[in-house]
Amino acid sequence: MGCVMEDHDTPPVPDTKAKEPEKSAASPVPERDELAEQKKLLADANERYLRLAADFENYRKRVARDQESLVHHANERFAVDVLEIADNLERALKADDEHLRTGVEHIRSLFADILARHGISQIDALEKTFDPNEHEAIAHVPSDEKEGMVIDVVSPGYRMHKKVIRYAKVAVSKGKTNSEDQKPNCDSRKKED
């Protein structure tokens with residue numbers, strides 16, 4: 001009998017050696033099931049990721065095509081409107097001299113309307129303070145206007161919506177210049193000697 005009991009109050013310790021081999025034989029099966037389940041979850045997540053990546057790539061390509069199509073249609077509409085001006089110029093060239101000016105004025109008005117429909121407006125520069133965000137100074141000349149004022153517009157500038165698409169080429173005033181201001185003052189040197 002392998003068990004000696006000295007104290008009668010404590011219960012005998014159960015022999016666990018017989019049960020341990022059963023646990024060790026049964027435990028690899030749940031680990032294998034769990035490992036297989038984790039592999040399956042990983043494969044599912046990877047498949048979802050690949051599908052999502054493919055969907056995103058298709059979305060990116062579709063957006064690029066849509067953007068290109070939008071630009072193409074906008075340019076096409078603008079071209080159709082400009083062709084109307086070309087037609088009217090041809091008609092004006094065929095008109096007699098007395099109606100030519102009226103025809104050209106009509107074409108200019110039509111052209112301004114077409115530009116306005118497409119969000120393009122002319123920058124008002126004459127007699128305004130020079131603004132480098134809208135104007136390009138091509139000359140700086142003396143005049144009766146105060147310094148920094150636009151006194152002549154050589155080529156008008158244009159804005160599309162709020163963005164400047166062509167700067168106005170302008171002549172800017174230097175202000176009044178006196179011939180006395182330009183000559184060196186010799187009298188001041190004589191007084192210093």
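The values are calculated or read from the model by the stated rules, or taken from the named source; none is laboratory data. Everything numeric here is computed off the predicted structure, so don't read it as measured data. Because the Cβ atoms are built from the backbone with ideal geometry, glycine has one as well, and the counts that use them run over all protein chains shown. Please note that ligands, DNA and RNA were not included when accessible areas were found on the heavy atoms of the full protein model with its side chains. Shrake-Rupley method; radii C 1.70, N 1.55, O 1.52, S 1.80 Å.
Observations on the structure shown:
- J(HN,Hα) series, region 104-110, from Karplus relation 6.51 cos²θ - 1.76 cosθ + 1.60, nearest Hz, glycine and proline x: 5, 5, 5, 5, 4, 5, 4
- For region 66-185, share of DSSP beta bridges that run antiparallel, in % to the nearest 5: 65 percent
- Listed peptides 45-57, 133-145 appear in the order 133-145, 45-57 once ranked by packing, highest mean of other Cβ atoms within 10 Å at the front.
- Built amide H within the under 5 Å cut-off of Glu136, gap 5+: Ala168, Lys169, Val170
- Scanning residues 5 or more positions from Ser143 or on other chains, those with amide H under 5 Å from its amide H are Lys174, Gly175, Lys176, Thr177, with H placed 1.01 Å from N in the peptide plane.
- Solvent-accessible surface of protein heavy atoms, probed at 1.4 angstrom with all chains present, puts Arg91, Arg159, Arg62 in the order Arg91, Arg62, Arg159, largest first.
- Residue-wise HN-Hα coupling along region 77-85, computed from phi with Karplus coefficients 6.51, -1.76, 1.60 (Hz; x: Gly, Pro): 4, 5, 4, 4, 5, 5, 4, 4, 5
- Whole-Hz ³J(HN,Hα) from phi, Karplus 6.51 cos²θ - 1.76 cosθ + 1.60, for region 97-103, glycine and proline x: 4, 5, 9, 5, 4, 4, x
- Subtracting the Cα-Cα distance of Leu100 and Glu84 from their residue separation scaled by 0.36 nm leaves 4.0 nm.
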